[in-house]
Amino acid sequence: MRDRQPARGERRAREFEAFVAGAAGRLLHAATLLTAEAPDANPRARRLLTLALAHTYARWDGLRGDDPYDCARRYLATRFAHTAWHRHGAFGPARTGLLGPLAGLTPRERLVLVLRIYEGVAEERTAALLGLPAERIHTLCDRATATVLHPARPDSAGRTVTKAAPS
């Protein structure tokens, strides 16, 4: 009976290592987009990834048929939302000094955009995960997409001007 425990632990470790080898890169990229850090200097994203992987490993035996990637992604999103909520209060304004491609977005807009566009999570699942109506998710995703595609830029007088969308 005792011989099964080490074998099961080794199998669990091998399965989890294989999962990390396949999923860590994509999860790190998602975390980097969420934190709006530069890809080569992303300590907050790496910490977020480490926490998500630790959470997934802790739940590994209980996943039984559930997708471990989905578990890690959910934890990544909820942990980011929780941190942003406490840091900025109700997903307040975007942090300054960020260098990532989504730096001009608020934390909530980044979260919705990463889940919907980068990760391909359905609107209804994103709404359920964040506790928002699906219409709000749709609006946030549209606004974030427009902001990324048509970023604001300062004019010669220093005022922020948005580039008009082509007609």
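Structure values in brief
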read-out	value
Number of positions in region 39-87 that are within 10 Å of the chain's Cα centre (by Cα) and not aliphatic (A, V, I, L, M)	6
Hits in region 47-78 (condition: in contact (Cβ under 8 Å) with a residue 40 or more places away in the chain, basic (Lys, Arg) and either assigned to a loop (DSSP other than H, G, I, E, B) or open to solvent by 80 Å² or more (accessible area, probe 1.4 Å) (or both))	74
Of residues in region 154-167 being surrounded by 10 or more Cβ atoms within 10 Å (Cβ to Cβ) and outside any loop (DSSP other than H, G, I, E, B), the one modelled with the highest pLDDT	161
Boolean, residue 15 is among the acidic types (Asp, Glu) and more than 25 Å from the chain's Cα centre (by Cα)	no
Cβ pairs under 8 Å, 6+ apart, first in region 106-130 and in contact (Cβ under 8 Å) with a residue 40 or more places away in the chain and on the phi > 0 side of the Ramachandran plot, second buried (at least 23 other Cβ atoms within 10 Å of the Cβ) and in a loop (DSSP other than H, G, I, E, B)	none
Some residue of region 128-142 being under 16 Å from the mean Cα position of the chain (by Cα) and at pLDDT below 90	no
Filtered residue count, region 103-134, keeping only those that are in a loop (DSSP other than H, G, I, E, B) and closer than 25 Å to residue 42 by Cα	7
Filter result for residue 143 (open to solvent by 70 Å² or more (accessible area, probe 1.4 Å) and in contact (Cβ under 8 Å) with a residue 12 or more places away in the chain)	yes
Options 49, 63, 76, 53; residue that is aliphatic (A, V, I, L, M), more than 19 Å from residue 113 (Cβ to Cβ) and modelled with pLDDT of 95 or more	53
Filter result (exposed (fewer than 15 other Cβ atoms within 10 Å of the Cβ) and of a type outside the set (D, E, K, R)) within region 119-140	120, 122, 128, 131, 133, 134, 139
Answer from 44, 26 - the residue that is at pLDDT below 95, assigned to a helix (DSSP H, G or I), closer than 20 Å to residue 101 by Cα and not aliphatic (A, V, I, L, M)	44
Residue count, region 47-65 (criterion: under 30 Å from residue 99 (Cα atoms) and of a type in the set (Phe, Trp, Tyr))	0
Candidate set: region 79-92, residues that are part of a helix (DSSP H, G or I) and open to solvent by less than 30 Å² (accessible area, probe 1.4 Å); chosen: the one modelled with the highest pLDDT	80
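The values are calculated or read from the model by the stated rules, or taken from the named source; none is laboratory data. Because the structure is predicted, anything quoted here is derived from the model rather than measured. Here Cβ is always computed from backbone atoms with ideal geometry, including for glycine, and neighbour counts include all displayed protein chains. Each accessible area value is taken on the protein alone, full model and side chains, heavy atoms only, with ligands, DNA and RNA left out. Shrake-Rupley method; radii C 1.70, N 1.55, O 1.52, S 1.80 Å.
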